[in-house]
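Written out below as structure tokens is the structure these notes cover.
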Amino acid sequence: MQHHRLTLSISYSSAGRFLSSAALFLSAACFMFSPACSKQAGNRQMARTVSTGAHTALAVPAAAPVTVENFESGTKTAYAAANVTLSTGVWNFSDALLGNLSTDRRDGAQSARVRNSGTLTMEFDLAGGASSVTIRHAVFGSDGSSTWQLWYSTNGGSSFVQAGSTVTSSSTTLQTASFTLTVTGNVRFQVRKTDGTANRVNFDDFTVTGAGDGGGGGTGSGKKFLFDATKAETAGNADWVIDEDNSTPQRIPTPAQSTVTASTAETYWTGALSSWGIALVKAGDTVETLPSGAAITYGNASNPQDLSHYAVFVVDEPNILFTAGEKTAILNFVSSGGGLFMISDHNGSDRNNDGHDSPNIWNDLMTNNSMTTNPFGFSIDLTNISETSTNIWTGASTNPILNGSQGAVSSLQFNNGATVTTNPSANAAVQGLIWQGGFSQSTTHIMCASSTFGSGRVFVVTDSSPMDDGTGAPNNTLFVSWSIPSHTALFMNASLWLAKLQ
């Protein structure tokens with residue numbers, strides 16, 4: 001995707017989230033008035049309802065609900081006991097408030113702050129039971145450590161039972177406490193500060209996973225998709241997230257996925273990938289975001305968003321290099337059966353001005369890792385092309401990505417993207433799917449491709465424009481491409497193929 005602006009400076013908040021400046025300048029790769037830099041915008045369409053076939057909304061049971069209270073809505077500035085209406089419902093805050101000071105440890109604009117023997121109590125029930133709860137916590141400012149407990153009630157708050165053990169908060173950065181439960185039916189929760197001291201503790205991202213979902217890919221045929229937001233996917237003019245609140249991507253999109261219906265518009269969520277996320281939910285799958293500051297791990301039992309809990313990991317135009325540990329985690333995830341959806345942009349698309357663009361970052365993953373060189377059998381070329389191609393692989397009629405349950409693919413439009421070169425000698429499973437027009441279907445000039453690695457699957461497309469649905473954070477210049485011919489079918493087919501649903 002050719003862009004009209006890049007960030008001039010970057011900074012990090014106390015919670016580790018990436019923030020970009022509002023400064024603009026002309027990209028060296030593109031003069032903003034050039035026809036090649038202007039994306040074609042079609043008439044807006046909502047993400048289309050999943051078509052009939054092997055994977056439909058009726059045939060696939062929805063995954064167990066995930067409820068997240070991120071404390072971003074509501075106002076409570078005093079410690080006196082009172083009810084406050086949050087995004088999930090009414091909570092009672094006793095010796096607690098919603099804090100937004102620089103010394104409040106928070107993942108967004110604000111978090112809960114509790115002192116003395118204060119409590120945070122749900123005044124409503126969750127109907128789906130609970131299999132797990134995670135809570136992020138840290139000490140406020142320079143306060144000393146505090147202890148606290150999680151309690152739950154299955155009788156409307158008449159009595160409560162403790163979940164797990166007492167937790168000690170001693171860090172000034174948010175840590176994640178995890179609790180495993182087996183609770184069915186109605187349930188509500190309460191957080192109790194237990195040390196009784198004046199030390200204050202912050203709580204954020206209170207996450208409840210409903211009963212029946214063990215965190216390994218949803219129930220029935222539905223799978224869990226994780227969209228990355230740790231690699232500056234919202235830098236500059238990009239907005240490659242399924243949902244964001246106050247321009248900050250959160251783990252669970254809001255409103256809740258359980259409220260999405262067949263007629264829900266993509267504007268239900270805010271993000272340039274919201275159409276994609278809504279379409280997956282309509283298909284019976286579950287979507288989450290890996291927010292900035294979270295860890296990319298595989299096999300880490302203490303990480304509630306460890307890749308082992310998901311079927312597919314989507315990374316749309318990363319702008320920060322993967323660390324050595326992250327590369328190992330991603331490759332182990334794929335090798336162990338996961339699906340990796342790789343999206344690149346064109347050469348010179350360094351949105352956060354750190355010297356690395358997405359072609360460089362993806363190539364670094366594949367050539368500079370601890371496991372194997374060129375594990376997927378392809379590399380991303382340092383090119384910049386714009387065209388609509390109908391040069392579809394001749395084997396498309398039997399290919400589940402090009403002719404799957406979501407329809408047949410007949411074209412792919414790039415507005416400043418790169419190309420792929422395949423190397424079957426490195427991985428015989430690699431397969432070009434769509435080529436530039438006028439070129440033979442060989443190992444070069446490829447616009448998207450698939451591969452396998454171990455027992456997992458990989459799909460790569462080298463322009464971030466085609467999945468852009470035109471919605472996102474204020475002041476970003478975005479375009480409608482998701483609904484351009486064949487794009488919805490291509491990316492939904494690829495998603496379901498990666499999840500081994502077709």
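Quick notes
- Residues in region 145-158 carry Karplus couplings, in order, of 6, 9, 10, 7, 9, 9, 10, 9, 10, 10, 10, x, x, 5 Hz; the curve used is 6.51 cos²θ - 1.76 cosθ + 1.60 with θ = phi - 60°, and Gly or Pro positions show x.
- Ranked His346, His445, His356, His137, criterion: other C-beta atoms within 10 Å, fewest first: His356, His445, His137, His346
- Footprinting exposure proxy ranking of Val334, Val241, fewest other C-beta atoms within 10 angstrom first, gives Val334, Val241.
- The simple spin-label model puts a point 7 Å past each Cα toward its Cβ; for Ala256 and Leu101 those points are separated by 3.3 nm.
- Among the listed pairs Lys223/Lys282; Lys282/Lys327; Lys193/Lys231; Lys282/Lys500; Lys224/Lys282; Lys224/Lys500, those beyond 23 Å (Cα-Cα): Lys282/Lys327; Lys193/Lys231
- Listing Ser486, Ser495 from fewest to most neighbouring C-beta atoms within 10 Å gives Ser486, Ser495.
- Distance between region 322-368 and region 227-297 - C-alpha centres, whole angstrom: 20 Å
- Cα shape, region 329-422, gyration tensor, a/c 1.5 rule: oblate
- Each residue of region 82-96 was assigned a 3J(HN,Hα) from its phi angle through the Karplus curve 6.51 cos²θ - 1.76 cosθ + 1.60 (θ = phi - 60°); the sequence is 6, 7, 9, 8, 10, 5, 8, x, 8, 10, 9, 9, 10, 6, 8 Hz, with glycine and proline shown as x.
Every read-out reported here was derived from the displayed coordinates using simple, explicitly stated rules and does not represent laboratory data. Since this is a predicted model, take the numbers as computed values, not measurements. A quick note on method: Cβ atoms are made from the backbone with ideal geometry, for glycine too, and the neighbour counts reach across all protein chains shown.
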